[in-house]
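No value in this document is a laboratory result; all are computed from the given coordinates. What you see is a predicted model; the values in this text were computed from it and never measured. FYI the Cβ positions are ideal-geometry reconstructions off the backbone, even for glycines, and counts take in every protein chain you see.
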Amino acid sequence: MFYREAGDFKTSYRDDAQTFPIAFDRLRYYLVLAVALGVIPFMINDYWANAVIVPFLIWSIAAIGLNILMGYAGQVSLGTGGFMAVGAYATFKLMTSFPDLNIVIIVVLSGFITAGVGVLFGLPSLRIKGFYLAVATLAAQFFLIWLFNRVGWFYNYSASGQINAPERTVLGIAVTGPASPPWAQYFICLFFVLVVAWMARNLTRGSVGRSWMAIRDMDIAAEIIGVNPLKAKLTAFAVSSFFIGIAGSLFFSVYLGAVEVGEAFGIEKSFIALFAVIIGGLGSIFGSFAGAAFMVLFPVLLKNILVNGLNWPTDLAAHIQLMVIGGLIIVFLILEPHGLAALWRVIKEKLRLWPFPH
Amino acid sequence: MPEQVFFALEAAANGLMTGVLYALVALGFVLIFKASGIFNFAQGVFALFAAMTLVGFQNGQIPFAHLINAIFGTSLHHFGWNMPTVLAILCTMAVMVLLAFLVERWVLKHLVNQEPIILFMATIGLAYFLEGFGDVMWGADIKKLDVGLPQGMSSAIDEATYSLFGYGFFIDRLDVVAAVVAAMLVVALMLFSQFTKYGRALRAVADDHQAALSVGISLRFIWVMVWAIAGFVALVAGMMWGTKMGVQFSLSLIALKALPVLMLGGFTSIPGAIVGGLIIGMGEQLFEFSVGPLVGGATQNWFAYMLALVFLVFRPQGLFGEKIIERV
Amino acid sequence: MKLTRLAAVAVAATVAAGPALADLVFPSLSYRTGPYAAGGIPFADGYKDYFTLLNERDGGIGGVKIQVPECETAYNTEKGVECYESTKGGAALVYQPLSTGITYQIIPKASQDKIPVHTMGYGRTSSVNGKVFEWVFNYPANYWDGASIAIKHILDLNGGNIAGKKIALVYHNSAYGKEPIRTLEELAKKHGYEFKAIPVDHPGQEQKAQWLEIRRDRPDYVLMWGWGVMNQVAVQEAANIRFPMENFIGIWWSGSENDVRPAGEGAHGYKALNIHKTGMDFPIYDDLKKYVYDKGLAAGAGDQIGTVLYSRGMYAAVLAAEAARKAQELAGTPNINATQMRDGMEALEITAARLVELGLPEFGPAFKVTCENHGGSGEGLVQQWDAKEGKWVILTGFIASDREVIDPLIAEDSEAYAKENNIAPRCN
């Protein structure tokens, strides 16, 4: 009944190639957009913004970035935390060096800087594959953190070694700094999420995306049919790092506001992004959102249920929470190794035939 | 400057010793990767869990005391007896075997034929689970682990080198013990895989799953066995590191120290793990000693990875890894 | 889609569990899990137990009951933010953020929300300057005081002259660990000792290179700014190279039972600074036993009582309760809000007589907080580990830090912060 193509005629190639070819799907998409733009901003408060929605949006961007690299181009990376740190520190340096520059431009520039660093650390991928590459990207993770911790220039030689985001405004409204209203933080993150998702979606179904997928499926075969592995792999690293840099930049400037590199961008961050991508589904934009939602919302939810709902001691709740999350990851992988996105696809298929499954 | 030479030698010798400790952790990874192609991220947590269980048995702690107390309002903590070390080690081994069995039963069995990255993720999930489980079972405080291993500077080496060179070398006695244990472990593993029936089956599985299945080797049994052996290796590693720094959460992070060792030595080679450990251990000590002061120190964390990265660019399968043959 | 509905349920649960507004609320952002759990458990227990005592014995503060909602941060900044946001709605009076990362995070937010923050012996050192940091307090002492106190102790041991001595600092390579470097460099200029800083990267399970360096350089004294596993390994390695433990001095976060126990006998003689006394020899424990422990109301497993970090948690609670009492007095009402609490903290005065009344004679230094000085007296003491007895022995009385050196540093750093964030100095 839902998600049916029947009666939905396309009269041009343009129509046929659109992102959501099914009318119902399109409707659902606009509905989600309408809620995101028209409802949430009016309901959001400090708790929702800082504890749930802003981190969810930022992790979505990071997950999309990592998904490009892992899901589409097949290169495993554990350096996400390090690349996010590059984005954050680039933002800090740009914010303090050019106080008049608009924050949106700064975030984009930080993305580009991260893309440069990403390409540099992507070079070994031309020789190294699989898990060896995954471990090799850890070199980026540890080295970058050490560098930002060590070289005073990156944190303007402040006594504490922390970086603080000064207040910056968009259209006269503060989006960074402690005085920024939650809805403004929400909007700036949502803006970048929409742009990034749109870019990712269109890149992955264009010729660049196809070359990535060819490399992922079998790089030697791809090379033989004329895909340039150097170009494909490095563009994947560049685009992925660009997105991750934006995520890192927002993570620092909008979400946390004050950051110490080892604590905020440690290896755990790389794992969160990795989990989000795999649980969400490799090679799926929707999956990135679903995975990020799982990694950000679920622990908060579980904590609230166990501690506030059932009144358990906080430490016991935290331990059980670890067990539940670990267990759920395993269960998810067993039930649906291709992630939440695959689950979603199955639901869609079922809905299409519903209520007459035969 | 002969003194500088001695310092460098001392740093190198200590690095070699530390390398053995890294190699001990790396061994567990290699065993599992060889037999099942799984990159077992939970190996570090295995070491932590094994060490916690060992201490728990030794001190006669009641498992899940905290949970029980929270639910039933009791205040249980200890059984009131201490277990002798040897018995505690045996009991811990039994627990690790049970753990291997359960992992196979509940996780691996359902994930046969999945892509390596999925299996890798499953082990990360397992790591999370075990972390929480270990804390619930034994509590999150720092525990002192004492299984009678010697510790501290070896006076004999200090005096011998002093009389030889006029400079006493510092060697930790625990490191010496670790080196001996690691050597014994490797020899035992070699003997096991060369000369026993199960060892041969293990090698057959490592070689080709399907061929092994077709000659009647039970894959599932081999997997349980290899995870149990990896659990035993984790127990040894946990004992060494636990003696050094107390049994606590950070013990699980030693896995991160073992990864560059793996890369360097190759995921599939037991001697590779040892040689890789030695190179990484020595390399990072010498780097910290020579270049560290120039760049502000604390380089150990990333240097190991960089070193491994450089090696890999020249040998993408690690030093001793099986050559990667790719076909279209 | 399912997730959002579940989240809504969760929020309903959060709102329902919010404390009644009439109570005094002291949120406890504890970390009973994660890599630093061993340090977080006793602190949280001590903090909670003291408030439980006040509730049970005195019916709260000024007749108003106390609530201590606990929120688990696992020492993680993002979880800390979540905890802060979820507890601040319930009329929270003061926050003890406990981790450096969470502290830096909360300082601007709390100032905006007008809730005071108390960072006792950690956090941003320059928040001593109340002219710039209106909502942040870090009495009774800070890291720079700590560095100075350690040097003073060394001066005392050497008859006031340490020119030419070698002093090394082994530090956690993070914002926290780097805190004392400036102060120690300034003091080196003043006293003429040779200073060397040796970093240990997080988490610090492998410190062989650092301790071999110390063995080669043979410094006369080693100071340590360590945290978590780094402490245990450092103490063990120091014992391994047979460094004289009485010349090895840790900051107060490197001086708990957890840090020395794993090294066993080897740790005997290790010294650490502290900002309060420790142990069970205080009359307050009679009350605690009677009203809290024996009633089965002890927080956590109840096995941390009397340890260094338990004492610290209790001390934090004592200072918070005293400030609340002062605030009630100033506001003329027992139901105070966060702004009044801040006024109380700014007017806080701890006298030796008051400590005796509280059942904690000479537990901490006597000090007074003013509008300009949010940092208290900056005094600390030196304690030494007795491995045979298994307890810390208090070696010295409270030593005052060298304000001459520290004050200009504080002024410099806080003014830089004020400039960066456009803060006009107050207290004029």
Can you tell me which of B:13-19, B:88-94 comes out highest on packing, and rank the rest after it, using the mean Cβ neighbours within 10 Å? B:13-19, B:88-94
Running a GNM on chain C with Cα contacts under 10 Å, which residue among C:Phe137, C:Phe363, C:Phe26 ends up with the highest mean-square fluctuation? C:Phe363
Paramagnetic label zone (point 7 Å from Cα along Cα-to-C-beta, C:Glu420; backbone N under 16 Å) in the range C:109-135: C:109-111, C:123-129, C:132-134
Just want to confirm a number: the relative contact order over the range B:2-314, from Cα pairs under 8 angstrom separated by 6+ residues, in percent. 37 percent
May I ask you to sort C:Glu346, C:Glu372, C:Glu72 by Cβ crowding, counting other Cβ atoms within 10 Å and putting the fewest first? C:Glu372, C:Glu346, C:Glu72
Whole-Hz ³J(HN,Hα) for each residue in the range B:225-238, computed from phi via Karplus 6.51 cos²θ - 1.76 cosθ + 1.60 with θ = phi - 60°, x for glycine and proline: what do you get? 4, 5, 5, 5, 5, 4, x, 5, 4, 4, 4, 4, 4, x
Which one of B:Ala255, B:Ala47, B:Ala201 has the biggest mean-square fluctuation once chain B is modelled by GNM with Cα springs under 10 Å? B:Ala201
Relative contact order, percent, chain C [alpha-carbon distance under 8 Å, six or more residues apart]: 20 percent
Mind grabbing the base-10 log of I(q)/I(0) for the range C:347-428 at q = 0.13, 0.23, 0.26 Å⁻¹? Debye formula, identical points on the C-alpha positions, no solvent, two decimal places. -0.63, -1.14, -1.25
Ranked from highest to lowest mean number of other Cβ atoms within 10 Å per residue, what is the order of the peptides B:21-29, C:45-53? B:21-29, C:45-53
CD proxy at 222 nm, helix term only [per DSSP H run n ≥ 4: -39500 (n - 2.57); per residue of the protein assembly as shown; nearest 500]: -19000 deg cm²/dmol
Can you sort C:Asp303, B:Asp207, C:Asp23 from fewest to most other Cβ atoms within 10 Å of each residue's own Cβ? B:Asp207, C:Asp303, C:Asp23
With the Cα gyration tensor of the range A:46-267 in hand, give its eigenvalues times 5 under a square root as the equivalent ellipsoid semi-axes, listed largest first in whole angstrom. 31, 20, 14
What net charge do the residues around A:Ala17 carry, taking every other residue with its C-beta under 15 Å from that of A:Ala17, with Lys and Arg at +1 and Asp and Glu at -1? +1
Only Cα pairs under 8 Å and at least 6 apart count here; give the relative contact order of chain A as a rounded whole percent. 29 percent
Over 27 Å between Cα atoms: which of C:Lys131/C:Lys326; B:Lys109/B:Lys144; B:Lys144/C:Lys178; C:Lys165/C:Lys391 fall into that group? B:Lys109/B:Lys144; B:Lys144/C:Lys178; C:Lys165/C:Lys391
Extend 7 Å from the Cα of A:Glu223 along its Cα-to-C-beta direction; within the range A:116-133, residues with backbone N under 11 Å of that point are A:126-128
Picking from A:Trp212, A:Trp312, A:Trp183, which is most flexible by a Gaussian network model of chain A using Cα springs under 10 Å? A:Trp312
If you take every residue apart from A:Ala34 with its C-beta less than 14 Å away from the C-beta of A:Ala34, what net charge results, scoring Lys and Arg +1 and Asp and Glu -1? +2
Provide a whole-number value for the mean count of partner chain Cβ atoms within 10 Å of the Cβ atoms in peptide B:145-153. 3
Could you give the dipole magnitude of chain B about its Cα centre, charging the beta-carbon of Lys and Arg +1 and that of Asp and Glu -1, in debye to the nearest 20? 960 debye
Nearest-20 debye value, the range A:46-267 charge dipole, Cβ charges on Lys, Arg, Asp, Glu: 580 debye
Please give the average number of partner chain Cβ atoms lying within 10 Å of the Cβ of each residue in C:175-181, rounded to a whole number. 4
Burial ordering of A:Thr169, B:Thr243, fewest other beta-carbon atoms within 10 Å first: A:Thr169, B:Thr243
C:Glu134 neighbourhood, Cβ < 10 Å, K/R = +1, D/E = -1, net charge +3
Against the 2.2 N^0.38 Å scaling, with N counting residues, where does chain B land? I'd like the Cα-based Rg ratio to two decimal places. 1.06
Compactness ratio of the range A:178-332: Cα Rg over 2.2 N^0.38 Å, N = residue count? 1.27
P(r), alpha carbons of the range A:1-43 - 10 Å bins starting at zero, rounded %: 27, 40, 23, 10, 0
Suppose every K and R has +1 on its Cβ and every D and E has -1 on its Cβ; what is the size of the dipole of the protein assembly as shown about the Cα centre, in Debye to the nearest 20? 2980 debye
